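Beneath this line is the structure, given in structure tokens, with notes to follow.
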Amino acid sequence: MIDIRQTNELTPRELVTIFKERIRVFVVEQTCYYQEVDDEDYQCFHVRILDDQTNELMAYARIMPKKDYVTFGRVLVVEKFRRQGLGNQLLKAVLDYISTHFPGLDVEIEAQAYLTKFYGSFGFKQTSEIYLLDNIPHCQMKLAASVD
């Protein structure tokens with residue numbers, strides 16, 4: 001089940017579950033020490049894939065609308081649910097939500113460099129050289145808004 005809600009619509013338990021998994025993946029698993037929970041979390045949209053039977057978090061991303069574009073990040077699949085195609089399902093849900101709720105805005109992201117082919121398969125184009133962000137290779141990528 002796909003669930004998309006703003007921070008103030010989540011229960012404390014749901015929010016803590018999200019934060020625990022993000023820290024598990026982006027701080028502990030990637031041994032990258034930084035302030036993972038940030039001010040973006042106050043206003044973002046949390047996209048979750050939940051197990052239909054147990055309501056357990058399987059995959060997650062957050063969407064952050066800006067003035068002239070939309071961005072998303074913290075894209076993850078919980079370790080025990082990896083290699084089941086959930087990353088594709090999650091990104092499709094993120095992009096569908098953006099195109100419906102923020103039509104006409106480009107999508108710009110900071111992608112970990114090893115994921116450029118994954119994002120490229122959804123139409124993203126690399127718009128910068130590779131650079132280090134918290135000691136992890138990243139690059140800017142952009143998906144131009146579709147013109148109907």
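The values are calculated or read from the model by the stated rules, or taken from the named source; none is laboratory data. Keep in mind it's a predicted model, so treat the numbers as computed, not measured. Cβ placement follows ideal geometry from the backbone for every residue including glycine, while neighbour counts extend to all protein chains displayed. Heads up: the accessible areas ignore ligands, DNA and RNA and are worked out on the full protein's heavy atoms, side chains in. Shrake-Rupley method; radii C 1.70, N 1.55, O 1.52, S 1.80 Å.
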The residue from K80, K67 that alone is at pLDDT below 95 and assigned to a helix (DSSP H, G or I) is K80
Can you tell which of Q30, Q35 is open to solvent by less than 80 Å² (accessible area, probe 1.4 Å) and under 20 Å from L133 (Cα atoms)? Q30
So for segment 33-41 (the condition being touching a residue at least 40 places away in the same chain (Cβ under 8 Å) and not in a loop (DSSP other than H, G, I, E, B)), does at least one residue qualify? no
Picked from segment 112-148 (must be hydroxyl-bearing (S, T, Y) and within 24 Å of Q89 (Cβ to Cβ)), the residue nearest to the chain's Cα centre (by Cα) is Y119
For segment 43-63: of the residues being under 15 Å from the mean Cα position of the chain (by Cα) and outside any strand (DSSP E or B), which is modelled with the highest pLDDT? C44
Quick one: count up the residues across segment 30-83 that are closer than 18 Å to T17 by Cα and hydroxyl-bearing (S, T, Y). 3
Residue check, Y60 open to solvent by 20 Å² or more (accessible area, probe 1.4 Å), closer than 25 Å to A145 by Cβ, touching a Leu at 6+ places or on another chain (Cβ under 6 Å) and not polar (S, T, N, Q): no
Would you mind stating whether E21 is in a loop (DSSP other than H, G, I, E, B) and open to solvent by less than 30 Å² (accessible area, probe 1.4 Å)? no
Given the conditions (1) assigned to a loop (DSSP other than H, G, I, E, B); (2) touching a residue at least 12 places away in the same chain (Cβ under 8 Å); (3) not hydrophobic (A, V, I, L, M, F, W, C), every one holds for E129 apart from (2)
